[in-house]
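Peer 1: First the structure, then my questions, so here it is.
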Amino acid sequence: MFRRLSSPLDVTIRALRSTDSAVPRVQQLDNRCFQGGERSDIVAEIDRPFTYLWIAALSADPQCVVGYILTWHVADELHILNVATDPDHRGLGVGHALVAQAIAWAGQHHVQSVLLEVRRSNLAALRLYRSFGFFLRGLRKEYYGDGEDAVEMGLVLDPKTGDIVASRDEVRLEEVSWSNMTGVLHDK
């Protein structure tokens, strides 16, 4: 399915299949955006029955892949594993378009929660997820190979309508004051 989403950069979002000629470009993008253990084996991921992977390509040049989102759909949850945007195209709405696609898909497939982990230092990603209504679920100490903490975030969906539902945990967790997250936790 091709879906054209409006963002400052005109991109087309589509599912990636193992036979797709874009697979090597997506793997190159993954290698460019992530370090060591955070990298994904895109070819292996595509063939898993629970993996859903969408790419963003320039509408004017469909061979130019500028981002992707890798998710796992297990039971009633969609877990966002990676969101990658080409460094030359960051800040132009590519990540927003990809996350919007995943949430829309989740809503259509009766998913009850969308979950993810994000580096504590990745303020741009934290703001992006908060803009969709993701709430803080917790903190995983030294989660990444370099010792950085991961922030656990979640989004609750009504499985019948796909609408975003507020969570009771949100208020309690937002009271946590993490000094390097001012402006992310509390919309100031």
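Peer 1: Please name all residue pairs, on different chains or six or more residues apart, with Cβ atoms under 6 Å, provided the first residue is in region 79-106 and is free of Cβ contacts under 8 Å to residues at least 60 places away in the same chain and the second residue is polar (S, T, N, Q).
Peer 2: Close Cβ pairs (under 6 Å, with a partner that is polar (S, T, N, Q)) amount to I80/T71; N82/S40; G95/T85; A102/T71.
Peer 1: Next question, about the same structure. Taking D86, is it of a type in the set (D, E), surrounded by 18 or more Cβ atoms within 10 Å (Cβ to Cβ) and in contact with a Lys or Arg (Cβ under 9 Å, 6 or more places away or on another chain)? Walk me through how you get there before you give the answer.
Peer 2: On the way: of a type in the set (D, E): yes; surrounded by 18 or more Cβ atoms within 10 Å (Cβ to Cβ): yes; in contact with a Lys or Arg (Cβ under 9 Å, 6 or more places away or on another chain): yes.
So D86 passes the test.
Peer 1: Let me ask another. What's the number of the only condition in (1) part of a loop (DSSP other than H, G, I, E, B); (2) at pLDDT below 90 that L173 fails to meet?
Peer 2: Of (1) part of a loop (DSSP other than H, G, I, E, B); (2) at pLDDT below 90, only one is false for L173: (1).
Peer 1: Out of region 101-114, which residues are of a type in the set (A, V, I, L, M) and crowded, with 18+ Cβ neighbours inside 10 Å?
Peer 2: Once the filter is applied, which keeps residues that are of a type in the set (A, V, I, L, M) and crowded, with 18+ Cβ neighbours inside 10 Å, region 101-114 yields A102, I103, A106, V111, V114.
Peer 1: Taking the residues in region 121-136 that are surrounded by fewer than 19 Cβ atoms within 10 Å (Cβ to Cβ) and of a type outside the set (A, V, I, L, M, F, W, C) as candidates, determine which candidate is farthest from E77 (Cα to Cα).
Peer 2: S121
Peer 1: How many residues are touching a helix residue (DSSP H, G or I) at 6+ places or on another chain (Cβ under 9 Å) and surrounded by fewer than 12 Cβ atoms within 10 Å (Cβ to Cβ) if we restrict to region 36-79?
Peer 2: 2
The values are calculated or read from the model by the stated rules, or taken from the named source; none is laboratory data. What you see is a predicted model, and the numbers here were worked out from it, not measured in a lab. Cβ sites come from the backbone with ideal geometry, for glycine too, and all protein chains shown count toward neighbours.
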